[in-house]
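Enquirer: Once you've had a glance at the structure underneath, I'll fire off some questions.
What follows draws every value from the coordinates through simple rules; no lab data is involved. These figures come from a predicted structure and were not determined experimentally. Because the Cβ atoms are built from the backbone with ideal geometry, glycine has one as well, and the counts that use them run over all protein chains shown.
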Amino acid sequence: MNNNKINGEPVTVLLVEDNEAHAELVMHSFTEHRIANKIYHVSDGEEALDYLYRRGDYADQLKSPQPHLILLDLRLPKVDGMEVLKEIKSSKELDKIPTVVFTSSNVETDAARAYEYRANSYLVKPIDHEKFHQLLNDLGFYWLAWNYYPWGD
């Protein structure tokens with residue numbers, strides 16, 4: 001899938017994750033399975049919003065292309081992941097980007113609130129390394145290869 005494109009653009013994922021070990025695992029898994037052409041990693045909610053709105057260090061759209069998928073942790077420094085989700089889904093420029101909450105929280109109220117804010121999916125990170133790896137593989141192929149977008153090619 002590495003050479004696939006969506007709407008003529010290379011497949012891009014924005015990973016919003018403050019846990020470096022989890023971020024490395026996600027990026028390694030996506031790279032190994034060639035799920036995305038480019039993965040951009042930010043480590044807090046404020047940085048995610050700066051990236052998405054192309055502010056500050058992310059003003060150059062060549063260095064911060066709009067992602068085709070956002071993987072969003074909930075427990076983030078500076079701006080909480082739930083607030084980031086709420087902002088994404090209330091923005092006319094960003095609301096169509098599939099946003100998958102990818103968190104260690106299996107608290108029912110977190111999941112309910114994420115869906116209330118229009119998350120496209122809510123996934124709890126498996127503790128087991130192999131299950132984590134397989135979930136990422138399936139997730140990438142679902143959102144970036146199998147899912148149909150009416151605004152795509």
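Enquirer: Which of the lysines could a cross-linker span from residue 38 if the Cα-Cα distance has to be under 16 Å and same-chain partners fewer than 8 positions apart are dropped?
Expert: 5, 63
Enquirer: Under the definition of Cα pairs under 8 Å and six or more residues apart, what whole-number percent is the relative contact order of the stretch 10-145? Write out the running numbers ahead of the final one.
Expert: Working: 214 pairs, mean separation 35.1, N = 136.
About 26 percent, as a whole number.
Enquirer: Along the stretch 26-33, what does the Karplus equation 6.51 cos²θ - 1.76 cosθ + 1.60 (θ = phi - 60°) give for ³J(HN,Hα), rounded to whole Hz, x for Gly and Pro?
Expert: 4, 5, 4, 5, 5, 5, 4, 9
Enquirer: Say the dipole of the chain comes from +1 at the beta carbon of Lys and Arg and -1 at that of Asp and Glu; which of 45, 67, 127 then lies farthest toward its positive end?
Expert: 67
Enquirer: Okay, next question. Of the listed peptides 15-28, 123-136, what is their order by residue-averaged count of other C-beta atoms within 10 Å, with the highest listed first?
Expert: Details: 15-28: 18.1, 123-136: 14.0.
Top to bottom by mean Cβ count within 10 Å: 15-28, 123-136.
Enquirer: What number comes out for the charge environment of residue 85, summing +1 per Lys or Arg and -1 per Asp or Glu over other residues with Cβ under 12 Å away?
Expert: Numbers: positive: 86, 89, 113, 118; negative: 73, 80, 83, 87, 95, 110, 116.
Surrounding charge for residue 85 is -3.
Enquirer: Turning to a different aspect of this structure: Given 13, 102, 82, which one lies farthest toward the positive end of the charge dipole of the chain, if we put +1 on the Cβ of every Lys and Arg and -1 on the Cβ of every Asp and Glu?
Expert: 13
Enquirer: Let me ask something additional. Send over the per residue convex hull volume for the stretch 70-113, Cα only, as a whole number of Å³. Before the final figure, lay out each step's value.
Expert: Numbers: hull volume 3.2 nm³, N = 44.
Spread over its residues, the Cα hull of the stretch 70-113 gives 72 Å³ apiece.
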